[in-house]
Amino acid sequence: MNKINLYMKKNCPLCDEIRSLIDVFTGEYDIHIKEIDIELSEELLEKYMLEVPVIEVNGETLDYRSIDYVSIEKRLH
């Protein structure tokens, strides 16, 4: 099973766009997606405040500058 953590915040259009991109893979791959609201954790808010969305795909971190279809797919199995 592939594990994807999506670090995001509410009212973030870019976060919604990345979530939709991840959803494209759900029919093809076995994926467990965990959405993590950074605004609920002082530590995560400090770490990712201006960087969301950030995803971890099977332990490998991608920030919003490097998230695209190809970068996600090559980390899935």
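The values are calculated or read from the model by the stated rules, or taken from the named source; none is laboratory data. Owing to the predicted nature of the structure, the values given are computational and were not obtained by experimental measurement. Cβ placement follows ideal geometry from the backbone for every residue including glycine, while neighbour counts extend to all protein chains displayed.
In table form, for the structure just shown:
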item: Matching option when the condition is of a type outside the set (A, V, I, L, M, F, W, C) and touching a His at 6+ places or on another chain (Cβ under 6 Å), among Lys9, Lys3, Lys34; result: Lys3
item: Of all residues in the stretch 20-30 being more than 17 Å from Val54 (Cβ to Cβ) and not charged (D, E, K, R), the one that is farthest from the chain's Cα centre (by Cα); result: Gly27
item: Those residues of the stretch 55-65 which are at pLDDT 95 or above and either within 17 Å of Asn11 (Cβ to Cβ) or of a type in the set (Gly, Ala, Ser) (or both), in sequence order; result: Gly59
item: Residue satisfying all of: in the stretch 20-35; assigned to a loop (DSSP other than H, G, I, E, B) and among the hydroxyl-bearing types (Ser, Thr, Tyr); nearest to Gly59 (Cα to Cα) among these; result: Tyr29
item: Subset of the stretch 18-68 [among the aromatic types (Phe, Trp, Tyr) and closer than 16 Å to Asn2 by Cα]; result: Phe25, Tyr29
item: Lone qualifier among Glu17, Glu51, Glu39 - being of a type in the set (D, E, K, R), more than 13 Å from the chain's Cα centre (by Cα) and either surrounded by 12 or more Cβ atoms within 10 Å (Cβ to Cβ) or part of a strand (DSSP E or B) (or both); result: Glu39
item: Filter result (charged (D, E, K, R) and either in a loop (DSSP other than H, G, I, E, B) or free of Cβ contacts under 8 Å to residues at least 40 places away in the same chain (or both)) within the stretch 1-14; result: Lys9, Lys10
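Results for (1) among the charged types (D, E, K, R); (2) at pLDDT 95 or above; (3) within 17 Å of Arg75 (Cβ to Cβ), shown as yes or no for each residue.
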| residue | (1), (2), (3) |
| --- | --- |
| Leu6 | no, yes, yes |
| Ile18 | no, yes, yes |
| Leu21 | no, yes, yes |
| Phe25 | no, yes, yes |
| Tyr29 | no, yes, yes |
| His32 | no, yes, yes |
| Asp37 | yes, yes, no |
| Glu43 | yes, yes, no |
| Leu50 | no, no, no |
